[in-house]
Structure formats: structure tokens, C-alpha cells
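Below: one structure, written as C-alpha cells.
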């Protein structure tokens with residue numbers, strides 16, 4: 001669910017749960033395409049016979065999992081947006097920790113919580129979210145990241 005917030009009420013979202021996405025499958029085709037796009041063909045990602053003794057299967061690239069945040073958030077309308085936003089930008093990351101590998105064909109989803117908002121300039125709000133990628137059936141998440149988005153109103 002997308003939370004639409006008025007600029008004057010932006011601080012009300014600090015500490016709030018902004019929702020979770022639907023589950024999606026990370027299949028080998030997606031992993032292979034990411035390997036091709038990034039030139040990262042390490043065997044743990046693309047060679048099942050070599051990866052199996054170590055992880056039981058191939059695993060998704062950590063950066064593949066992380067890169068899904070923007071697309072999932074936009075496509076499934078997870079998180080928040082300021083009313084009157086002219087543009088929203090990916091501003092970067094403050095912290096990322098990859099905690100569990102994502103085996104091929106795992107179902108994953110992201111969960112978002114707002115942890116800080118700063119008005120950098122009049123009409124420019126920097127929003128820091130804690131984003132966790134859960135793996136269905138696994139206690140420890142794939143990662144926890146602090147993402148930064150800049151909203152220009």
C-alpha cells in the first residue's frame with residue numbers, strides 16, 4: 001500500500017511500517033540475465049553443479065536482490081510518496097548487510113519502514129527507509145538495507 005503524505009505531515013511517517021510487497025520468485029533466468037548485465041558469472045550464481053555442494057543450488061547475486069527494491073516498490077506501490085511530488089530520486093544507501101543467500105527459485109518479498117526524514121532544501125525531502133528482504137521459510141532475511149530517496153515537491 002502506498003502512503004501518500006502531505007509535506008507538512010512528513011515527520012508523522014518516521015518509525016512507521018510502510019508495508020510489505022507480494023512474494024515473488026527469483027528464478028535462474030533472472031539470475032542469468034543479471035549475471036550477463038553485470039558481467040558477474042561467478043559459478044555460485046550460474047553453475048548448478050558447482051554451486052550445489054556449497055549452497056545446495058545456485059544463489060542470486062546480493063546486488064540482484066538489492067536492485068529489486070526500486071522496481072518492487074514502484075510496481076507494487078510499497079512505501080510512501082509526498083503529495084505534490086514532481087520527482088522522486090534514488091539517492092543511495094547508508095548501510096547494507098547481506099545476511100542469508102537467496103537460493104534459486106526462492107520466494108522473496110520486501111518490507112519497508114521509514115526511519116528518518118530530513119528537509120535538505122525547501123521542497124526537497126530526504127527519506128531514509130529500512131528495507132528488509134524476507135525469504136519464505138527462512139528465519140534470517142536476505143538483507144537489511146537503509147535506502148535513501150529524495151522527493152522534490
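All of the numbers you see were taken from the coordinates with simple rules; none came from a lab. Small disclaimer: the values here were computed from a predicted structure and weren't measured.
From the helices alone, meaning DSSP H stretches of at least four residues, give me the mean residue ellipticity at 222 nm for the chain, per-run term -39500 (n - 2.57), in deg cm²/dmol to the nearest 500.
Working: 4 runs with 38 residues, N = 153.
When only DSSP H runs of four or more count, the value is -7000 deg cm²/dmol.
Have a look at 133, 39, 24 and tell me which one the Gaussian network model of the chain (Cα, springs below 10 Å) gives the largest fluctuation.
Sorting by GNM fluctuation, first place goes to 39.
Using 0.36 nm per residue, how much length does the chain from residue 85 to residue 29 gain when fully extended, once their Cα-Cα distance is taken away? Don't jump to the answer; show the numbers that get you there.
Details: separation 56, 0.36 × 56 = 20.16 nm, distance 3.54 nm.
Net length gain for the segment: 16.6 nm.
Which one, [x] 20.5, 69; [y] 17.0, 56; [z] 18.0, 56, gives Rg and Dmax of the Cα atoms in Å as derived from the coordinates shown?
[y]
Relative contact order of the chain: what whole-number percent is it, with Cα pairs under 8 angstrom and at least 6 residues apart?
29
Using DSSP, restrict attention to beta bridges with both residues in the range 2-152 and report what percent are antiparallel, rounded to the nearest 5.
Numbers: 39 of 43 bridges.
Percent antiparallel among DSSP bridges in the range 2-152 is about 90.
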